[in-house]
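Q: Encoded as structure tokens, here's the structure I'll be asking about.
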Amino acid sequence: MSLRRLGFLSATLLTAATLTACSTEPVEADPKPSATGTTAPSGAPGGAPEGGLSLGDAIRKIPVAEEKRTGYERDSFKHWVDEDDDGCPTRQEVLLAEAVTAPEQGDRCTLSGGSWTSYYDEVEVTDAKKLDIDHMVPLAEAWDSGAHDWTPERREAYANDLDAERSLVAVTAKTNRSKADKDPAAWMPPAKSASCSYLVDWTATKLRWNLSVDETELAALLDLAEPCADSTVEYEPAT
């Protein structure tokens, strides 16, 4: 079972126990990071040692290289898979983990009800079909930045990374399709409150998977990060 799913199940059990013992009031938890990106660490649970890096230092740690798009095909990244054979493919795992109000789970992990907050645009969604699961660093960008040299198995692991909380996020289809395969030099979330969190999550994903940045992306990241002086980046390298 994935670490994200374990977190979802633990949170569900804890909420149920709290409601029974203490109150009849509905309890909801906001799974999204704060506007500064300092509340919820990015990357795999546990994060980097020593409490992480400042956002600026983390950005400067990303290797710099020219992008290589030649040969890219979306099918080079197999997704969505059911890695733990529990009946729920990666898409559903993310939806279950990020639900503000838990949906009901039916046969073959079909989901009904529930609610989510798309942190890119601060929109509340009550129909899972209106959500896309966004690869924080898009598949094409990952290919350009180093994944072209990976094995098919590593590309599959990247495309279904449930062990890092912010590698995959549930967002409105509108924002995901607006983003497409753009890096932060060309696209940022429309919600201003999301800016620092997005930069933290992007940087942590690039570091986690040892992906590079080109000169234009690096300059944009450093410029955009200036208002995020209190943001820190935690990550764990993918194996």
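Q: Indicate the gyration tensor shape class of the stretch 64-137 (rounded, prolate or oblate), computed on the Cα atoms with a ≥ b ≥ c the square roots of the eigenvalues: a/c under 1.5 is rounded; otherwise a/b larger than b/c is prolate and the rest oblate.
A: In terms of gyration-tensor shape, oblate.
Q: Once you order the gyration tensor axes a ≥ b ≥ c over the Cα atoms, which shape class does the stretch 114-239 get: rounded for a/c under 1.5, otherwise prolate or oblate by comparing a/b with b/c?
A: It is oblate, given that a/c is not under 1.5 and a/b is not larger than b/c.
Q: Report the extension gain between Glu104 and Ala180 in nm, rounded to one decimal, defined as 0.36 nm multiplied by the number of residues separating them, less their alpha carbon distance.
A: Additional length available on full extension: 24.4 nm.
Q: Still on this structure, please answer the following. What residues have an amide H closer than 5 Å to that of Val123, excluding those fewer than 5 places away on the same chain, when H is modeled at 1.01 Å from N in the peptide plane?
A: Here Ser118 satisfy the definition.
Q: Still on this structure, I have one more. For the stretch 135-196, what is the accessible area per residue in Å² when the probe is 1.4 Å?
A: It amounts to 36 Å² per residue over the stretch 135-196.
Q: So, one more: Which value, in Å³ per residue, describes the convex hull spanned by the Cα atoms of the stretch 49-100?
A: In the stretch 49-100, the Cα convex hull volume per residue is 187 Å³.
Q: Take the alpha-carbon positions of the stretch 181-239, form their convex hull, and give its projected area averaged over all directions (one quarter of the hull surface) in nm².
A: Reported value for the Cα convex hull: 4.3 nm².
Q: Can you give me the solvent accessible area of Tyr119 with a 1.4 Å probe, rounded to the nearest 10 Å²?
A: 20 Å²
Q: Then there is this: Past 27 Å, Cα to Cα: identify those pairs from Lys68/Lys179; Lys61/Lys192; Lys61/Lys129, in the order given.
A: Lys61/Lys129
Q: In addition: Taking θ as phi - 60°, what are the ³J(HN,Hα) couplings along the stretch 143-149 by the Karplus curve (6.51, -1.76, 1.60), each to the nearest whole Hz, with x for Gly and Pro?
A: 4, 4, 9, x, 5, 5, 9
Q: Using only Cα atoms, locate the centre of the stretch 188-239 and the centre of the stretch 103-165, then give the distance between them in Å, rounded to an integer.
A: Cα centres, the stretch 188-239 to the stretch 103-165: 18 Å.
Q: Can you order the peptides 166-175, 200-209 by their average number of other Cβ atoms within 10 Å per residue, highest first?
A: In descending order of packing, they fall as 200-209, 166-175.
The values are calculated or read from the model by the stated rules, or taken from the named source; none is laboratory data. No experiment lies behind these values; they were computed from the predicted model shown. Note that we place each Cβ from the backbone using ideal geometry, even for glycine, and neighbour counts take in every protein chain shown. Surface areas here come from the heavy atoms of the whole protein model, side chains and all, with no ligands, DNA or RNA. Shrake-Rupley method; radii C 1.70, N 1.55, O 1.52, S 1.80 Å.
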